[in-house]
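Asks: Pasting a structure here, questions to come.
The values are calculated or read from the model by the stated rules, or taken from the named source; none is laboratory data. All values reported here derive from a predicted model rather than from experimental measurement. Note that each Cβ is placed from the backbone with ideal geometry, even for glycine, and that neighbours are counted across all protein chains shown. Side chains are part of the model used for accessible areas, which takes the heavy atoms of the whole protein and leaves out ligands, DNA and RNA. Shrake-Rupley method; radii C 1.70, N 1.55, O 1.52, S 1.80 Å.
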Amino acid sequence: MNSFLALFPLLIIVFAALLVLILEVFIKKENRNYLAYVSLFFLIICGIICGKFWDKDYSYFDGYLFLDNFSIFLSFIIIITTFFVILLSMKYIFLQDVNYGEFYSLLLFALSGMMIMVSSGDFLVIFLGLEVLSISSYALAGLRIKDEKSSEAAIKYFLLGSFASAFFIYGLALLYGASHSTEILSIIDYFKSETSLSLMALIGLGLVIIGFGFKIAVVPFHMWTPDVYEGAPTPITAFFSVGPKAAGFAVLLRIFYPYWKVALNSQAIFWLLCIISVLTMVVGNFVALRQTNVKRILAYSSIAHAGYLLIAILAQDNTSLVFYLTVYLFMNIGAFAAVIALGKKDREYLELEDYAGVGFKYPWIGATFAVFLFSLAGFPPTGGFLAKFYVFVGAVRQGLVPLVIIGVLASLVSVFYYLRIIVYMYMREPSTEIEIYIENPALFLVLFLCLYGVLQLGLFPGNILILVQQAVSSLPLF
Amino acid sequence: MGHFLFFLLAIICVGSVLGMIISKNQAYNALLLVLAFASLGGLFGLLDAPFIATVQIIIYAGAIMVLFIFVIMMINLRLGLPPEKKKWTLYFSLGVAVVLIVELILSVKGAFSLFENSSMEKIGGPTDLGRLLFTKYLYPFEITSILIIAALVGAIVLVKKKEKE
């Protein structure tokens with residue numbers, strides 16, 4: 001239905017971002033938490049409105065913007081991510097010296113960029129959304145101005161991100177030249193109508209995939225990930241590891257769900273994605289074995305997870321892809337929340353050595369962290385197990401057995417480095433005592449909610465699966 | 001007259017780009033680049049696209065060049081480093097150059113047939129552009145404003161002085 005209402009969720013987020021920017025001038029530095037409350041309030045409102053629009057299928061601007069169930073579900077995922085990240089940041093920005101009022105505003109801008117991306121079927125709009133997301137991310141990565149690593153992260157992210165955008169826009173130009181349209185469905189339609197192999201459009205699509213490959217951090221394009229994840233403020237790292245990935249995969253799903261139906265041209269792209277997926281799983285997991293910094297371990301783990309998600313794209317298994325993204329949100333944010341919990345004024349504990357003995361000294365943090373790590377590794381009864389299980393079963397059904405074998409082997413390797421953190425937490429004598437700032441109710445709320453999410457999705461995934469199926473079935477095919 | 005202007009502008013454009021590559025002084029490089037952009041603008045003007053010509057001069061010769069000159073001023077390199085003389089980069093760039101020349105020849109050959117049966121359509125006038133921006137492309141156009149404000153906020157927060165404790 002064509003209605004102005006479709007703009008509402010986006011308008012609320014942009015309004016909140018601008019409001020926070022203005023309020024920042026009037027609010028004293030010690031009271032910056034109020035900005036967080038304002039942002040959280042608007043996020044809740046936006047979430048409620050998105051919920052109201054479920055099944056309504058609003059669209060506006062001649063299809064540049066549509067809120068089908070799929071966009072609403074993905075919007076939910078990224079809104080919840082931002083919600084958690086804001087909760088995690090409330091104490092963090094005071095402790096780690098990133099206390100800028102613009103922090104929340106930039107986060108909300110990044111959120112609006114992702115919402116633009118997931119709720120459009122037009123490459124032009126998707127590109128602009130991607131740029132809004134990227135530009136805000138560059139600034140967020142460099143917010144710890146005194147820390148050289150943070151500046152390094154910002155510069156690296158900026159350079160490689162611009163590079164990725166250039167790839168994307170070049171590919172888009174080629175696709176437009178071939179098909180005379182920037183709309184995804186018309187481009188797929190062109191692929192279908194073409195009787196011979198259209199080289200220009202294929203190269204264009206390949207370049208678009210490369211552009212997204214940078215954003216979702218798959219292997220030949222992952223070089224920036226560990227450095228940026230390490231240097232950025234930790235809540236922002238949590239944000240990077242979930243939000244842009246979810247948005248990027250949403251767009252890939254929008255492209256490839258109809259695309260696989262076009263038999264003629266799809267072979268080359270299929271193999272390209274296969275190779276990327278295998279490389280991502282293997283390199284991500286093996287390099288993670290040698291890391292000693294927990295943030296870097298989690299960075300490589302998030303690269304590896306992108307590989308499993310690509311299998312779902314290749315297997316045309318949309319339900320498990322979206323389900324995986326949902327589980328991934330809870331387990332990854334949860335793991336980062338535990339990492340953030342281990343810090344005090346101007347000091348974060350990020351080396352593996354620091355984690356020795358944490359499991360007994362801070363039993364709650366240790367236990368929840370262990371659950372999230374088990375979930376990331378894919379042990380039952382956590383959500384991570386079911387997510388991986390669905391993806392692999394879906395792939396076997398499509399006959400992608402070799403890919404699944406590699407995936408299972410790679411995730412066996414991953415067990416080593418996830419368990420290593422747990423071994424350090426529970427079975428090593430601490431060499432130095434660590435002191436942490438414990439009065440952080442917002443962070444414990446996030447830990448609890450993520451724990452609930454991971455276990456709920458692992459034990460009783462039924463309700464969510466129904467929602468996911470409804471969301472995916474709203475994807476336009478032709 | 002048209003032909004004369006075309007060749008004049010084309011020669012200026014190619015000459016200044018060549019000069020830019022050869023010259024080692026950054027300030028000269030920047031100024032020669034301005035000249036190249038300006039003559040490109042003139043070429044667009046000859047093609048009956050006054051709006052693109054103006055935009056070419058305002059954006060490239062104006063905004064982007066000012067940026068370049070600022071960077072040169074701040075970094076203050078007197079003379080660039082002597083170019084590294086590696087064999088393989090030379091061969092590699094020669095190979096790329098040959099590929100590009102072949103591509104150029106092919107595309108010029110292809111373009112000649114287009115010239116003969118092209119109806120001189122007037123494109124890129126400000127009216128058409130404005131109408132498209134505010135009707136068909138309204139949504140992307142508005143997103144651009146979010147993009148710009150996000151970039152502004154990000155840039156300012158990164159460079160502003162540390163707040164007083």
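Asks: Keeping to the range A:366-405, report how many residues are at pLDDT below 90 and among the hydrophobic types (A, V, I, L, M, F, W, C).
Replies: The total comes to 2.
Asks: When you check A:SER165 against the structure, is it of a type in the set (S, T, N, Q) and either on the phi > 0 side of the Ramachandran plot or at pLDDT 90 or above (or both), yes or no? Steps first, answer last, please.
Replies: Values: of a type in the set (S, T, N, Q): yes; either on the phi > 0 side of the Ramachandran plot or at pLDDT 90 or above (or both): yes.
For A:SER165, the condition - of a type in the set (S, T, N, Q) and either on the phi > 0 side of the Ramachandran plot or at pLDDT 90 or above (or both) - is met.
Asks: Okay, moving on. Taking the range A:28-57 as the search range and keeping residues that are assigned to a loop (DSSP other than H, G, I, E, B) and acidic (Asp, Glu), which one is most open to solvent (accessible area, probe 1.4 Å)?
Replies: Restricting attention to the range A:28-57, the residues satisfying the condition of being assigned to a loop (DSSP other than H, G, I, E, B) are A:28, A:32, A:53-57.
With acidic (Asp, Glu) added as a condition, the list becomes A:55, A:57.
Details: A:ASP55: 108, A:ASP57: 79 Å².
This residue is A:ASP55.
Asks: Just to confirm my filter: which helices (runs of 4 or more DSSP H) fall fully inside the range A:221-333 and include at least 2 residues that are under 20 Å from A:PHE84 (Cα atoms)?
Replies: Values: elements: A:224-231, A:234-259, A:266-288, A:294-314.
In the range A:221-333, A:224-231, A:234-259, A:294-314 are the helices (runs of 4 or more DSSP H) which contain 2 or more residues that are under 20 Å from A:PHE84 (Cα atoms).
Asks: Being small (Gly, Ala, Ser), more than 14 Å from A:ALA173 (Cα to Cα) and touching a residue at least 24 places away in the same chain (Cβ under 8 Å) is the filter here, so list the residues in the range A:196-224 that pass it.
Replies: The initial filter retains those residues of the range A:196-224 that are small (Gly, Ala, Ser), namely A:196, A:198, A:201, A:204, A:206, A:211, A:213, A:217.
Within this subset, residues satisfying the condition of being more than 14 Å from A:ALA173 (Cα to Cα) are A:196, A:198, A:213, A:217.
Selection gives A:SER198, A:GLY213, A:ALA217.
Asks: Specify which of the listed residues (A:LEU7, A:LEU18, A:LEU11) is open to solvent by less than 50 Å² (accessible area, probe 1.4 Å), of a type outside the set (Phe, Trp, Tyr), more than 20 Å from A:ALA442 (Cβ to Cβ) and within 13 Å of chain B (Cβ to nearest Cβ).
Replies: Working: A:LEU18 fails: open to solvent by less than 50 Å² (accessible area, probe 1.4 Å); A:LEU11 fails: open to solvent by less than 50 Å² (accessible area, probe 1.4 Å).
Testing whether each residue is open to solvent by less than 50 Å² (accessible area, probe 1.4 Å), of a type outside the set (Phe, Trp, Tyr), more than 20 Å from A:ALA442 (Cβ to Cβ) and within 13 Å of chain B (Cβ to nearest Cβ) leaves just A:LEU7.
Asks: In addition: Kindly indicate whether A:GLY394 is touching an Asp or Glu at 6+ places or on another chain (Cβ under 7 Å) and among the small types (Gly, Ala, Ser). I'd like the intermediate steps shown before the answer.
Replies: Numbers: touching an Asp or Glu at 6+ places or on another chain (Cβ under 7 Å): yes; among the small types (Gly, Ala, Ser): yes.
Here the answer is yes, as A:GLY394 does meet what is asked.
Asks: Yes or no: the range A:337-356 includes at least one residue that is under 27 Å from A:VAL262 (Cα atoms) and under 22 Å from the mean Cα position of the chain (by Cα). Break it down stepwise before answering.
Replies: Taking the range A:337-356 as the starting set, the residues that turn out to be under 27 Å from A:VAL262 (Cα atoms) are none.
No.
Asks: Output the residues belonging to the range A:123-159 that are within 29 Å of A:GLY177 (Cβ to Cβ), within 8 Å of chain B (Cβ to nearest Cβ) and open to solvent by 10 Å² or more (accessible area, probe 1.4 Å). Please lay out each step first, then the result.
Replies: Residues of the range A:123-159 that are within 29 Å of A:GLY177 (Cβ to Cβ), as a first pass: A:123-135, A:158-159.
Cutting the leftovers down to within 8 Å of chain B (Cβ to nearest Cβ) gives us A:124-125, A:128-129, A:131-132, A:135.
Residues satisfying the conditions are A:LEU124, A:LEU128, A:GLU131, A:ILE135.
Asks: Go through the residues of the range A:208-216 one by one and say whether even a single one is over 18 Å from the mean Cα position of the chain (by Cα), at negative phi, assigned to a helix (DSSP H, G or I) and modelled with pLDDT of 90 or more.
Replies: Quick first cut of the range A:208-216, residues over 18 Å from the mean Cα position of the chain (by Cα) only: A:208.
Filter once more, keeping what is at negative phi: A:208.
Next, only the ones that are assigned to a helix (DSSP H, G or I) stay: A:208.
Going one step further and asking which of them are modelled with pLDDT of 90 or more, we end up with A:208.
Yes, the range A:208-216 contains at least one residue that is over 18 Å from the mean Cα position of the chain (by Cα), at negative phi, assigned to a helix (DSSP H, G or I) and modelled with pLDDT of 90 or more.
Asks: Now, a different point. Residue check: is A:LEU74 more than 13 Å from chain B (Cβ to nearest Cβ) and either within 24 Å of A:GLY343 (Cα to Cα) or at pLDDT 90 or above (or both)? Can you show your working first?
Replies: On the way: more than 13 Å from chain B (Cβ to nearest Cβ): yes; either within 24 Å of A:GLY343 (Cα to Cα) or at pLDDT 90 or above (or both): yes.
Taking the combined requirement at face value, the residue satisfies it.
Asks: Now, a different point. If you go through the range A:419-441 one residue at a time, how many are touching a residue at least 60 places away in the same chain (Cβ under 8 Å) and open to solvent by less than 60 Å² (accessible area, probe 1.4 Å)?
Replies: Selection size over the range A:419-441: 9.
Asks: Can you run down the residue pairs with Cβ atoms below 6 Å, 6 or more apart or on separate chains, where the first is in the range A:297-326 and not polar (S, T, N, Q) and the partner is not in a helix (DSSP H, G or I)?
Replies: Close Cβ pairs satisfying both conditions: A:ILE297/A:GLN291; A:ILE303/A:ALA217; A:ILE303/A:HIS222; A:ALA306/A:ALA217; A:ALA306/A:VAL218; A:ALA315/A:GLN398; A:ALA315/A:LEU400.
Asks: Sticking with this one: Looking at A:PHE478, A:PHE444, A:PHE416, which is the one that is out of contact with any strand residue (DSSP E or B) (no Cβ under 7 Å at 6 or more places or on another chain), open to solvent by 10 Å² or more (accessible area, probe 1.4 Å) and modelled with pLDDT under 90?
Replies: A:PHE478
Asks: Of the conditions (1) without any contact (Cβ under 8 Å) to a residue 60 or more places away in the chain; (2) open to solvent by 10 Å² or more (accessible area, probe 1.4 Å), A:ASP227 clears all except one; give me its number.
Replies: Evaluating A:ASP227 over (1) without any contact (Cβ under 8 Å) to a residue 60 or more places away in the chain; (2) open to solvent by 10 Å² or more (accessible area, probe 1.4 Å) leaves (1) as the failure.
Asks: Do we have A:THR195 as within 12 Å of chain B (Cβ to nearest Cβ) and of a type outside the set (Asp, Glu) here?
Replies: Details: within 12 Å of chain B (Cβ to nearest Cβ): no; of a type outside the set (Asp, Glu): yes.
In short, no.
Asks: Tell me whether the range A:357-378 contains one or more residues that are open to solvent by less than 20 Å² (accessible area, probe 1.4 Å), of a type in the set (Gly, Ala, Ser) and over 24 Å from A:MET427 (Cα atoms).
Replies: No, that holds for no residue.
Asks: While we're on this one: Looking at the range A:8-27 only, could you name the residues that are at pLDDT below 90, assigned to a helix (DSSP H, G or I) and either of a type in the set (A, V, I, L, M) or touching a strand residue (DSSP E or B) at 6+ places or on another chain (Cβ under 7 Å) (or both)?
Replies: A:VAL25
Asks: Among (1) under 20 Å from A:TYR300 (Cβ atoms); (2) modelled with pLDDT under 85, where does A:ALA337 come up short?
Replies: Checking A:ALA337 against (1) under 20 Å from A:TYR300 (Cβ atoms); (2) modelled with pLDDT under 85, the one that fails is (2).
Asks: Among the residues of the range A:93-114, what is the count of those that are more than 9 Å from chain B (Cβ to nearest Cβ) and open to solvent by less than 10 Å² (accessible area, probe 1.4 Å)? Spell out the reasoning first.
Replies: Applying the first criterion (more than 9 Å from chain B (Cβ to nearest Cβ)) to the range A:93-114 yields A:93-98, A:104, A:107-108, A:111, A:114.
Right, trim to open to solvent by less than 10 Å² (accessible area, probe 1.4 Å) and you get A:93, A:98, A:104, A:107-108, A:111, A:114.
Qualifying residue count for the region: 7.
Asks: Return the pairs, sorted by first residue and then second, in which the second residue is in a helix (DSSP H, G or I), the first residue lies in the range B:123-152 and is more than 14 Å from chain A (Cβ to nearest Cβ), the beta carbons are less than 6 Å apart, and the residues are 6+ apart or on different chains.
Replies: The qualifying pairs are B:GLY124/B:PHE51; B:GLY124/B:ILE52; B:GLY125/B:PHE51; B:PRO126/B:PHE51.
Asks: Now for a separate question. Go through A:LEU455, A:LEU447 for me and flag whichever is within 26 Å of A:VAL339 (Cβ to Cβ) and touching a helix residue (DSSP H, G or I) at 6+ places or on another chain (Cβ under 7 Å).
Replies: Working: A:LEU455 fails: touching a helix residue (DSSP H, G or I) at 6+ places or on another chain (Cβ under 7 Å).
Just a single option satisfies the conditions, and that option is A:LEU447.
Asks: Take A:LEU352 and decide whether it is buried (at least 24 other Cβ atoms within 10 Å of the Cβ) and either among the hydrophobic types (A, V, I, L, M, F, W, C) or touching a Cys at 6+ places or on another chain (Cβ under 7 Å) (or both). Let's see the steps before the verdict.
Replies: Working: buried (at least 24 other Cβ atoms within 10 Å of the Cβ): no; either among the hydrophobic types (A, V, I, L, M, F, W, C) or touching a Cys at 6+ places or on another chain (Cβ under 7 Å) (or both): yes.
The answer is no for A:LEU352.
Asks: Going by the conditions given, is A:PHE66 crowded, with 21+ Cβ neighbours inside 10 Å and more than 14 Å from chain B (Cβ to nearest Cβ)?
Replies: Details: crowded, with 21+ Cβ neighbours inside 10 Å: yes; more than 14 Å from chain B (Cβ to nearest Cβ): no.
For A:PHE66, the condition - crowded, with 21+ Cβ neighbours inside 10 Å and more than 14 Å from chain B (Cβ to nearest Cβ) - is not met.
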